[in-house]
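The values are calculated or read from the model by the stated rules, or taken from the named source; none is laboratory data. Since the model is a prediction, treat every value here as computed from it, not as a measurement. Every residue, glycine as well, gets a Cβ built from its backbone with ideal geometry; the counts of neighbours run over all protein chains shown.
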Amino acid sequence: MKKYWSIVILLCVLSILIHLIPFALNGSHPLGYDTGFYRRYVIQPFVSFPNSPVPGLGKDALGPRLLIDTIRLLHVPPDIILYGTYILLFAVQVWALFFLTTYYWGIPTGLAATLLFVLSVIQYTAYWFMLFKNAFATAIMLITFLLMEKKSRWTVIGGMLIAASHHTTAIIFLLTLIVYFIINRQERKRTLLIFMGTLAVFLFFHIFAYQTYIRSPVAMFVEWREYVFLSFPLLVLALFGVKYVVSQRKSVFTAFVIIAIMFPLFSLPFYQRVFIFTDIAIIMIGALGLASLIKEAVGLVNHFKKTARIVSLCIMTVITVLLLTNLSGRINALRPLVSKEILKKLGSITRHVQPNGAIMTSTTLAPWVHGWSQNKIIAPGLLHDTRDIQQWISFWNGSRENKINFLKNFPRPLYFFLSPPEKEKFMAHIEECVRQASPFLFQYTCD
């Protein structure tokens, strides 16, 4: 094993470098919509351990909060804490996936799995979306799967930590345990113990989550057509590897594959985000296919079949080119959601807004304003907003009198942070009631 560690380390370094590319291309804040929610947690005053929850990192995300709070003790800049920790979580996933896949099928397949994971377009997309809780819980889940296979007493702790970190990952883990209980009769007692420990913590942190799932929510991520297009090279490799999966038909891996495929196949709630787990399952199966192609190409099998070696080399070359092309295209396509000008002015909000002031903004800008200030943020449909969309539409289209009456219900002092197009929608007919404090920032002055 030791002689392969350098390769795994190189793959971890490659993972870190790939995740640094958007910073080199697009500046210091290039990631997706949820960035501000997590940044708010990092910049808020450190008054307890764990610190006070915020939208995006609530009470149900105890594990990620403890991780961030521990790193905050090092007194490094907030953005280094946020992005550095996040990128390292993907490197941890590389290690976890290597050891799990190696346990099942050996080191060559483990190395193949980590390479495919590092080059996965779906995993990069998950990274860009700034799914911090998902990244944390997925790393723990992969480690916990390995602990289960090794019959470790720490497995229960792993399951409980997943449940205290991210509810979607916890649901995938719990359902995997149910399937594993069914397919492996010899491990039922231990599986039941792990399930009960995980379920108890899950119910404690996510008792009301069922209401969200009953409404069959749609998650912002990828749909079936996009997933198949982006993951086509992995799916081809999986065709070569699926015949080897039968050797682990009673494993946790098989149970995980069943759940990871069932969610998108039957369009179950939040299945768009479950493609992240489907991708991991396909990567592990694809790694078996890649390992078998490599054996063919270097002549470890079918020694006298030169044609088979040539075909294997051609297939691997085409798949490698497709993987790199898809990843490169995704990196270039996923750009920052706000302009550099807005990001620059976000950094100066605290100089112009009173500490007890509230800031009204758009749904698009809300996470960013939230993540660069300590103030109460008001935005349609976010951050505990209780007004329905029709009330906001009436406000946007209303007369001067209607807008002033609507704004009477909000705390004072009241500010707006809006881009030029949004400014027209929010402040039409009440221009005399606002004073510009800085670019994009306005103070409301009418009572």
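Is it true that Ala137 is without any contact (Cβ under 8 Å) to a residue 40 or more places away in the chain and surrounded by 19 or more Cβ atoms within 10 Å (Cβ to Cβ)? Before the answer, list the steps.
Values: without any contact (Cβ under 8 Å) to a residue 40 or more places away in the chain: no; surrounded by 19 or more Cβ atoms within 10 Å (Cβ to Cβ): yes.
Answer is no for this residue.
Give the residue that is surrounded by the most Cβ atoms within 10 Å (Cβ to Cβ), with candidates limited to residues of segment 222-250 that are of a type in the set (Phe, Trp, Tyr) and under 19 Å from Ile276 (Cα atoms).
The residue in question is Tyr227.
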(message) Could you tell me how many of the residues in segment 95-119 are under 25 Å from Glu223 (Cα atoms) and either part of a helix (DSSP H, G or I) or within 14 Å of the chain's Cα centre (by Cα) (or both)?
(response) 7
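For segment 319-350: of the residues being among the charged types (D, E, K, R) and out of contact with any strand residue (DSSP E or B) (no Cβ under 8 Å at 6 or more places or on another chain), which is nearest to Gln44 (Cα to Cα)?
If we filter segment 319-350 for residues that are among the charged types (D, E, K, R), which is where we start, we get 330, 335, 340-341, 344-345.
In the following step, the residues that additionally are out of contact with any strand residue (DSSP E or B) (no Cβ under 8 Å at 6 or more places or on another chain) were identified as 330, 335, 340-341, 344.
Details: Arg330: 33, Arg335: 27, Lys340: 23, Glu341: 24, Lys344: 19 Å.
Taking the candidates together, the pick is Lys344.
Need at least 3 residues that are at pLDDT 85 or above and of a type in the set (S, T, N, Q) per element, so show me which helices (runs of 4 or more DSSP H) inside segment 241-333 make the cut, counting only ones lying wholly within it.
On the way: elements: 252-265, 271-297, 306-333.
It comes to 271-297, 306-333.
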(message) Residue under question is Phe181, and the condition is that it be touching a Lys or Arg at 6+ places or on another chain (Cβ under 8 Å), under 20 Å from Pro50 (Cβ atoms) and of a type in the set (Phe, Trp, Tyr); does it hold?
(response) no
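If you go through segment 401-417 one residue at a time, do you hit one that is among the β-branched types (Val, Ile, Thr) and at pLDDT below 90? Spell out the reasoning first.
Going residue by residue through segment 401-417, those that are among the β-branched types (Val, Ile, Thr) are 404.
Filter once more, keeping what is at pLDDT below 90: none.
Checked against the condition, which is being among the β-branched types (Val, Ile, Thr) and at pLDDT below 90, segment 401-417 yields no hits at all.
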